[in-house]
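Working notes for the structure below.
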Amino acid sequence: MPELPEVETVRRGLVPRLVGRRIVRLLQHRRDLRVPLPAQFAKRVEGRTVRAIDRRAKYLLIRLDDGKTLIAHLGMSGRMTLHDAASAAQHPFDRHDHVVFETDEGWQVRFNDARRFGLMLLATDEAVPRHKLFKGLGPEPLGDDFDGAVLAARLKGRRTPIKAALLDQKTLVGVGNIYACEALFLAGISPRRLAHTVQGARAERLVAAIKKVLHRSIEDGGSTLRDHVQPGGELGYFQTRFNVYDRAGIACPTRGCGRTVRRLVQAGRSTFYCAHCQR
């Protein structure tokens, strides 16, 4: 599933071609994704100008000029790709191009979702913060107000392993399996450590590591392991910088460590770490 860096990469790629542009046509090639698409979808979106594109957790928030927000989630395999008039003519629609937006500038945004776990909903701007999709979500890890004290407070009293706590979107949002493994390695914290013990300096180290990993991945266009592509069609390449994720049996990258990366299963998910460097 795309994590925060992949969704943020998509957001940044869409902004230059959508913000300030009018949607002149919406093509809907099926009635539903994970949930039904909005009723009278084309009628409600065509003619609207995109004011802004924001992100909350792993959701894109496409703000329209009539006070509505299009909430989009990429699901497991979804992607949004851009096509100008020439490339659109050369590339007929794929059978998984379920929703297509056309702008007054002649660009297309194609939402392709082979597994159909994505979604698109319409809500008023005022209703978005209270929407059930966002109820109970934790803070944004890249926000200026997210620091060690905030994380420590959210971990207080929790006796689940810290890796599982990081994957819980009520702790913080957008950090999935890849970035939890990488951040814990940078912070020198074992994925087995109980969450409630990550306080003080440990929490500060972990927050700094989370921010560093997420920023690096965004700069690299995200991680392309299977489905993720940037809107322009480019692959992400943060996977070339993985320290531990999917590197079981390979030497730990810490100079002088001399151990190998291990793999364990936690709550059905693979965790990669160095038992020597992470305590």
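Identify the residue in the stretch 134-156 that is of a type in the set (Gly, Ala, Ser) and part of a loop (DSSP other than H, G, I, E, B) and, among all such residues, is nearest to Ala209 (Cα to Cα). Ranking the qualifying residues of the stretch 134-156, first place goes to Gly143. Restricting the stretch 94-133 to residues that are of a type in the set (Asp, Glu) and outside any loop (DSSP other than H, G, I, E, B) leaves a set whose member that is surrounded by the most Cβ atoms within 10 Å (Cβ to Cβ) is Glu102. Of the residues Ser190, Ser217, the single one that is under 14 Å from the mean Cα position of the chain (by Cα) and of a type outside the set (Val, Ile, Thr) is Ser217. For the structure I just gave you, tell me whether Leu142 is within 17 Å of the chain's Cα centre (by Cα), hydrophobic (A, V, I, L, M, F, W, C) and closer than 30 Å to Gln28 by Cβ. Taking the combined requirement at face value, the residue does not satisfy it.
Take the conditions modelled with pLDDT under 95, surrounded by 15 or more Cβ atoms within 10 Å (Cβ to Cβ) and under 16 Å from Pro141 (Cβ atoms) and apply them to Ile218. Does it pass? Yes.
What about Thr49, is it more than 16 Å from Ile218 (Cβ to Cβ), free of Cβ contacts under 8 Å to residues at least 40 places away in the same chain and either in the same structural domain as Asp168 (by TED's automatic domain parsing) or not basic (Lys, Arg) (or both)? Give the steps one after another, and end with the answer.
Working: more than 16 Å from Ile218 (Cβ to Cβ): yes; free of Cβ contacts under 8 Å to residues at least 40 places away in the same chain: yes; either in the same structural domain as Asp168 (by TED's automatic domain parsing) or not basic (Lys, Arg) (or both): yes.
For Thr49, the condition - more than 16 Å from Ile218 (Cβ to Cβ), free of Cβ contacts under 8 Å to residues at least 40 places away in the same chain and either in the same structural domain as Asp168 (by TED's automatic domain parsing) or not basic (Lys, Arg) (or both) - is met.
Could you pull out the residue among Gly75, Gly47 that is part of a loop (DSSP other than H, G, I, E, B), at positive phi and more than 14 Å from the chain's Cα centre (by Cα)? Show your work before the answer.
Numbers: Gly75 fails: more than 14 Å from the chain's Cα centre (by Cα).
When all the criteria are applied, what remains is Gly47.
Just one of the listed residues (Lys43, Lys68, Lys58) is farther than 15 Å from Val99 by Cβ, among the basic types (Lys, Arg) and free of Cβ contacts under 8 Å to residues at least 60 places away in the same chain, and it is Lys68. Picking from residues in the stretch 50-70 that are in a loop (DSSP other than H, G, I, E, B) and small (Gly, Ala, Ser), the one that is nearest to Met1 (Cα to Cα) is Ala57. For the stretch 138-157, what are the residues that are of a type in the set (Lys, Arg) and touching a residue at least 24 places away in the same chain (Cβ under 8 Å)? Selection gives Lys156 alone.
Okay, residues lined up against (1) of a type in the set (Lys, Arg); (2) out of contact with any helix residue (DSSP H, G or I) (no Cβ under 9 Å at 6 or more places or on another chain); (3) without any contact (Cβ under 8 Å) to a residue 12 or more places away in the chain; (4) not assigned by TED's automatic domain parsing to the domain that holds Ala57:
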{"position": "Gly136", "(1), (2), (3), (4)": "no, yes, no, yes"}
{"position": "Arg159", "(1), (2), (3), (4)": "yes, no, no, yes"}
{"position": "Leu172", "(1), (2), (3), (4)": "no, no, no, yes"}
{"position": "Gly176", "(1), (2), (3), (4)": "no, no, no, yes"}
{"position": "Cys181", "(1), (2), (3), (4)": "no, no, no, yes"}
{"position": "Arg192", "(1), (2), (3), (4)": "yes, no, no, yes"}
{"position": "Ala195", "(1), (2), (3), (4)": "no, no, no, yes"}
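The values are calculated or read from the model by the stated rules, or taken from the named source; none is laboratory data. Computed from a prediction, not measured in an experiment: that's the story for all the values here. FYI the Cβ positions are ideal-geometry reconstructions off the backbone, even for glycines, and counts take in every protein chain you see.
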